[in-house]
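The values are calculated or read from the model by the stated rules, or taken from the named source; none is laboratory data. As the structure is a computational prediction, the values presented were derived from the model and not from experiment. Here the Cβ is made from the backbone with ideal geometry for all residues, glycine too, and neighbour counts use every protein chain on show.
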Amino acid sequence: MAGDRLTLVTGGAGFIGSHLVERLVRRGDRVVAIDNLSTGRRSNLNGVDPSRLTFIEGTVSEVVQSVDPSGVDGIYHLAAAVGVRLVIKKPIGTIETNVGETSAALEFAAAGRTPILIASTSEVYGKSERIPFAEYDDVVYGPPSQPRWAYACSKAIDEFLALAHHRENGVPVVVARFFNIVGPRQVGEYGMVLPRFVASALAGDPIEVYGDGAQTRCFCDVRDVVDLLPRLLDDPRCAGGIFNVGRDELIEIGELARLVKDTLGSRSPIVRVPYDQAFGPGFDDLMHRQPDLTRLRAAVGFAPKFSLVQTIRDLAAASGESVQRSVESTI
């Protein structure tokens, strides 16, 4: 029964992690959330029933040493370095966090033969020109001189480790490759495009579109995603599998900026910013990124409920509430 389950969520105070913790508690799980708060926020968990939640501040490798793996029924490993800006600014920390902490989570899962979901990313596909991206396509990366590809490679290593633990140790592992997950609580501080656009639109500041704006992406609401993840982890048929997670409707980034502006009734101008100016010389991007969702739909019948317009409105509302709480705390 779900109410008897003890579930571990790493990165549990982060954007996706905090929504997942809420979802698991609502179904009756007791949840241990681990987060070192480098990008997560303890306040993201304020609405969770404290009788069902244990929050531990620290890294995964530190915390799991004091947790009995035999008592854990499921693990969601979401802790990772996130965001283009953070990756470029701190490449050493990105690599060490993504590989080292994932290794620790997998060793912990192996000790108890505990089902574990590893959060990966569409960045794993690198510079592939095949659209849409399918889980077992070949991948192509840029040169090691570009920090961006360190993130992609580190997450690919995470996947290699996860599948190796499945084959060698019999660990029930599921890999979820996220494609632009968005929604309330996401912040633009680390380069996430939608919250950055929303924040600018709300403030009346220029909405900065990097490059020519013709690049296309797909966006999926976090609330749809956290309803999906337990179904992937709880289904033994998914063990050992890799699944793209997201929506497959493409939108140009320039059009996304216009959609945000129109949805929020903003007067912010939309301006183009060259990649070199935004991220430094030699930044390497790709024009199109779209998931093939055939495997996901066959496995769990994924049907998202939240439209992009609704996500924009809810993200804006959550951002306004956050600003209001911050102002009130200073009075």
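Can you pull out the residues in segment 124-174 that are acidic (Asp, Glu), part of a loop (DSSP other than H, G, I, E, B), within 23 Å of Ile95 (Cα to Cα) and in contact (Cβ under 8 Å) with a residue 12 or more places away in the chain?
Residue satisfying the conditions is Glu135 alone.
For segment 279-312, which positions are crowded, with 17+ Cβ neighbours inside 10 Å and assigned to a helix (DSSP H, G or I)?
Phe279, Arg295, Leu296, Ala299, Val300, Leu308, Thr311, Ile312, listed by residue number.
Give me the residue from segment 84-134 that is surrounded by fewer than 18 Cβ atoms within 10 Å (Cβ to Cβ) and among the acidic types (Asp, Glu) and, out of that set, farthest from Gly240 (Cα to Cα).
Filtering first and then ranking leaves Glu129.
Take segment 211-225 and flag every residue that is on the phi < 0 side of the Ramachandran plot and touching a Gly at 6+ places or on another chain (Cβ under 9 Å).
Asp212, Ala214, Gln215, Cys218, Phe219, Cys220, Asp221, Val222, Arg223, Asp224, Val225
How do the pairs read when you match residues in segment 89-112 that are acidic (Asp, Glu) with residues anywhere that are assigned to a helix (DSSP H, G or I), using Cβ under 7 Å and keeping only pairs 6 or more apart or on different chains?
Sorted first by the residue in segment 89-112, then by its partner, the pairs are Glu101/Val60; Glu101/Ser61.
For segment 231-249, which positions are in a loop (DSSP other than H, G, I, E, B) and more than 17 Å from Thr216 (Cα to Cα)?
Correct list: Asp235, Ala239, Gly240.
Considering only segment 172-211, how many residues are farther than 30 Å from Tyr136 by Cα and polar (S, T, N, Q)?
1
So how many residues does segment 176-196 have that are touching a helix residue (DSSP H, G or I) at 6+ places or on another chain (Cβ under 7 Å) and either under 25 Å from Asp234 (Cβ atoms) or not in a helix (DSSP H, G or I) (or both)?
Qualifying residue count, segment 176-196: 14.
Could you please find all residues in segment 201-222 being surrounded by fewer than 21 Cβ atoms within 10 Å (Cβ to Cβ), assigned to a helix (DSSP H, G or I) and in contact with a helix residue (DSSP H, G or I) (Cβ under 8 Å, 6 or more places away or on another chain)?
The one that is surrounded by fewer than 21 Cβ atoms within 10 Å (Cβ to Cβ), assigned to a helix (DSSP H, G or I) and in contact with a helix residue (DSSP H, G or I) (Cβ under 8 Å, 6 or more places away or on another chain): Leu202.
Looking at the structure I just gave you, is Val245 touching a Leu at 6+ places or on another chain (Cβ under 6 Å), buried (at least 17 other Cβ atoms within 10 Å of the Cβ) and either among the aromatic types (Phe, Trp, Tyr) or at pLDDT 95 or above (or both)?
no
Taking the options Val31, Val64, Val72, name whichever one is in contact with a Lys or Arg (Cβ under 8 Å, 6 or more places away or on another chain), surrounded by 15 or more Cβ atoms within 10 Å (Cβ to Cβ), closer than 28 Å to Arg113 by Cβ and of a type in the set (Val, Ile, Thr).
Of Val31, Val64, Val72, the one residue that is in contact with a Lys or Arg (Cβ under 8 Å, 6 or more places away or on another chain), surrounded by 15 or more Cβ atoms within 10 Å (Cβ to Cβ), closer than 28 Å to Arg113 by Cβ and of a type in the set (Val, Ile, Thr) is Val31.
Among the residues of segment 250-270 satisfying the criterion of being loosely packed, with under 14 Cβ neighbours inside 10 Å and in contact (Cβ under 8 Å) with a residue 40 or more places away in the chain, which is nearest to Cys218 (Cα to Cα)?
Pro269
With at pLDDT 95 or above and more than 12 Å from Ser319 (Cβ to Cβ) as the only criterion, which of Ala164, Ala199 stands out?
Among Ala164, Ala199, only Ala164 is at pLDDT 95 or above and more than 12 Å from Ser319 (Cβ to Cβ).
Please state which one of Val193, Val198, Val175 is within 30 Å of Ile270 (Cβ to Cβ), out of contact with any Pro (no Cβ under 7 Å at 6 or more places or on another chain), β-branched (Val, Ile, Thr) and crowded, with 24+ Cβ neighbours inside 10 Å.
Within the list Val193, Val198, Val175, the selection yields Val198.
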